[in-house]
Amino acid sequence: MIAKSLKGRSAAMDPGIWSKLPPELLELILSFLPLKTLLNLRSTCKHFKSLVFSPSFISKYSSASLFSSFFLLSHPQCYSNFPLYDTIRGAWRKLALPLSFLPPSAAQFNLLSSCNGLFCFSLPNSSSFLVCNLLAKSSRSIQFPFFPFPFEMLTLVSTPHGYKIFLLCSKFSSNYAFVYDSKVHSWRQFDGFQPLLADNFHKEGASFNGSLYFATPEPFSVVCFDLENGKWENLDTEMPRELTFVRLVSNTDEGKLYMVGGIGRNGISRSMKLWEMGDVGNWVEVERLPELMCRKFMSVCYHNYEHVYCFWHQDMICVCCHTWPEILYCKVSRRTWHWIPKCPSIPDKWSCGFRWFSFVPDLYTLA
């Protein structure tokens, strides 16, 4: 009898029931919706639009939803379509950059950095940077401090109140550091650090404890730049012996700083190791790359280590080379090394210019 009664009911939802639903229960139900459905709900009424961005709902949705995370490949030939590797499903996809984000004068654009679901592009023809959240469909154009504006080592950093953009400018006889703060929408200028430009001009800084950390060329050392007061400091720590190259990477969620380095003599690496910054400022060896994998990586970069760069992606330290379309990564929690194979849609004739980025979609990170 109950079944027949339910079967005869209208399929439409009863407004009388839903209008009396407690707000906290409604939020919980909506938090389990697929992301696409949730985004479509914003246009149905003002209440849903404000609800989606309320702190309580953000907390529920973040814990209930399982976003995929991706490696994004940028290449001069990709233009506005970027290959994506889904690290959870182990599948390749493509991401098309909506042209609506770009100013009419943006005939060319270069992807430079990513952080917390945001991408930072340079738009040379517009003399500006573009920071965007593709998931939330938000973007912001940021004008260069002046023109022409030659810059290196641009790093996008997430902060509690937004984000900051760090870069070095070498227009003058001595270089300067510039920091853009999204909270106040303005640039600040500080003194630079000359040795950094000698070798690491393609690398980003590693964000750790409110500062950006950089490795200098030989003799290798570590320096840091305080993003708040603009001061540089040499890290007083003993470096491992027989280093051939050094790259820094950080896990900002857990507040850890790592170092990837080659070990060898006369500029030739015979092995590659991973260290973690200890509690007393010392480097503690964590893992060594297996010999066969090390041979492959060293042959890939031809011992030309200026093409090597690293980044962090959800418990993975990724080691890449501008001349090779694959990613070598270390699963930190398991201390295992793996290769992510070449994207099948990449032509064999693409021999250099490969740049990988971490992409963890976040609906609530505002550009």
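The values are calculated or read from the model by the stated rules, or taken from the named source; none is laboratory data. For clarity, every value in this text was computed on a predicted model and none was experimentally measured. Glycine also receives a Cβ, built like all others from the backbone with ideal geometry; neighbour counts cover every protein chain displayed. Please note that ligands, DNA and RNA were not included when accessible areas were found on the heavy atoms of the full protein model with its side chains. Shrake-Rupley method; radii C 1.70, N 1.55, O 1.52, S 1.80 Å.
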Please give the length that would be gained between S19 and E254 if that part of the chain were fully extended, namely 0.36 nm times their separation in residues minus their C-alpha to C-alpha distance (nm, one decimal). 80.4 nm
Any idea how many Lys pairs in the stretch 70-366 come in under 16 angstrom at the alpha carbon, given 8 or more places apart or on separate chains? 7
Can you tell me the accessible area per residue over the stretch 70-366, all protein chains present, probe 1.4 angstrom, in square angstrom? 47
Note the direction-averaged projected area, equal to a quarter of the hull surface, for the Cα convex hull of the stretch 212-364, in nm². 11.0
For a label point 7 Å along the Cα-to-beta-carbon line of R270, residues of the stretch 293-332 with backbone N under 16 Å: 294-295, 298
If packing is taken as the mean number of other Cβ atoms within 10 Å per residue, what is the order of 118-128, 325-335, highest first? 118-128, 325-335
Measure of exposure for D181: accessible area at 1.4 Å probe, Å² rounded to 10, is 40
R0 = 30 Å: FRET efficiency of N304 with Q108, Cβ-based, nearest 0.05? 0.65
If DNA, RNA and ligands are ignored and the probe is 1.4 Å, what is the ranking of M239, M272 by accessible area, most exposed first? M239, M272
Express in nm, to one decimal, how much length is gained between F147 and V184 on full extension, taking 0.36 nm for each residue of separation and deducting their alpha carbon distance. 11.2 nm
With all protein chains in place and a 1.4 Å probe, S174 shows an accessible area in Å² (nearest 10) of 50
Once R0 is set to 35 Å, what does the formula 1/(1 + (r/R0)^6) return for the Cβ-Cβ distance between R93 and R140, expressed as a FRET efficiency to the nearest 0.05? 0.85
Based on the Cβ-Cβ distance from W339 to S68, what FRET efficiency comes out when R0 is 22 Å, to the nearest 0.05? 0.65
So for each of 224-235, 85-96, 312-323 I average, over its residues, the number of other beta carbons within 10 Å; can you give me the resulting order with the highest mean first? 312-323, 224-235, 85-96
Rounded to the nearest 10 Å², what accessible area does R188 have for a 1.4 Å probe in the complete protein model? 90
Kirkwood-type radius of the stretch 204-268, with distances r between different C-alpha atoms, in Å: 12.5
